[in-house]
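**Student:** Pasting a structure here, questions to come.
The values are calculated or read from the model by the stated rules, or taken from the named source; none is laboratory data. Since this is a predicted model, take the numbers as computed values, not measurements. Because the Cβ atoms are built from the backbone with ideal geometry, glycine has one as well, and the counts that use them run over all protein chains shown.
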Amino acid sequence: MLEDELVAAHLQELRRGTVVLACLLVLREQNYGYALLDLLEKRGFGVDANTLYPLLRRLEKQGLLSSDWNTEEARPRKFYRTSEQGLELAAALTRDWDQLDAAFRTLKGEQ
C-alpha cells in the first residue's frame, strides 16, 4: 500500500500546473483572493492560500491577470480578472488538457 505522504506529494505535483488554468478560467469573472479560494474549494479544486496569493501576483506580473483595488468598502480588496492574454493562454491550456484527457482515457482502456 502506498504511503500517504507519497500520494500527497504526487497529487500536489499533479495539481501544481492545473491551478493556473483553474484560476484563469474562474477569473473570467472578476473576483478577489479570499472569494476565489472559497469558489475553487466549492468547485472541488482546493488550493492553499499560501499557494494562491503568490500565484495571483505572478500571473498579474506576467500580464495574464489584471487587477483593481476596491476601496469603497471598510476593507480594501484587490480584485483580479483574466486579461486578454490570459484568456488566450486559458484556451491553449484547455485544448491541451482535453487532448491529455483523451489520451489518459485511451491508456485506461476507455473510449
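**Student:** Looking at this structure, is R28 basic (K, R), surrounded by fewer than 16 Cβ atoms within 10 Å (Cβ to Cβ) and under 20 Å from L14 (Cβ atoms)?
**Tutor:** no
**Student:** Considering only segment 75-90, state which residues are within 16 Å of A22 (Cβ to Cβ), surrounded by fewer than 19 Cβ atoms within 10 Å (Cβ to Cβ) and in contact with a strand residue (DSSP E or B) (Cβ under 6 Å, 6 or more places away or on another chain).
**Tutor:** Residue satisfying the conditions is R81 alone.
**Student:** Still on this structure: Can you list residue pairs whose Cβ atoms sit under 9 Å apart, with the first residue in segment 72-100 being farther than 15 Å from R58 by Cα and touching a residue at least 12 places away in the same chain (Cβ under 8 Å) and the second being surrounded by fewer than 16 Cβ atoms within 10 Å (Cβ to Cβ) and among the β-branched types (V, I, T)? Count only pairs 6 or more apart in sequence or on different chains.
**Tutor:** Note: pairs meeting the criteria are R77/T71; L93/T18; W97/T18.
**Student:** On to the next question. Would you mind stating whether F104 is of a type in the set (F, W, Y) and exposed (fewer than 14 other Cβ atoms within 10 Å of the Cβ)?
**Tutor:** On the way: of a type in the set (F, W, Y): yes; exposed (fewer than 14 other Cβ atoms within 10 Å of the Cβ): yes.
Yes.
**Student:** Here's a follow-up. Here are some residues: E84, E41. Which one is under 14 Å from the mean Cα position of the chain (by Cα) and charged (D, E, K, R)?
**Tutor:** E41
**Student:** For segment 29-53, which positions are part of a loop (DSSP other than H, G, I, E, B), on the phi < 0 side of the Ramachandran plot and out of contact with any Lys or Arg (no Cβ under 6 Å at 6 or more places or on another chain)?
**Tutor:** If the condition is that a residue be part of a loop (DSSP other than H, G, I, E, B), on the phi < 0 side of the Ramachandran plot and out of contact with any Lys or Arg (no Cβ under 6 Å at 6 or more places or on another chain), then E29, R43, F45, G46, V47, D48 are the ones that fit.
**Student:** So for segment 44-60 (the condition being more than 20 Å from Q12 (Cα to Cα), loosely packed, with under 12 Cβ neighbours inside 10 Å and modelled with pLDDT of 95 or more), does at least one residue qualify?
**Tutor:** Scanning segment 44-60 turns up no residue that is more than 20 Å from Q12 (Cα to Cα), loosely packed, with under 12 Cβ neighbours inside 10 Å and modelled with pLDDT of 95 or more.
**Student:** Also: Which is surrounded by 11 or more Cβ atoms within 10 Å (Cβ to Cβ), over 22 Å from S83 (Cβ atoms) and of a type in the set (A, V, I, L, M), of A35, A9?
**Tutor:** A9
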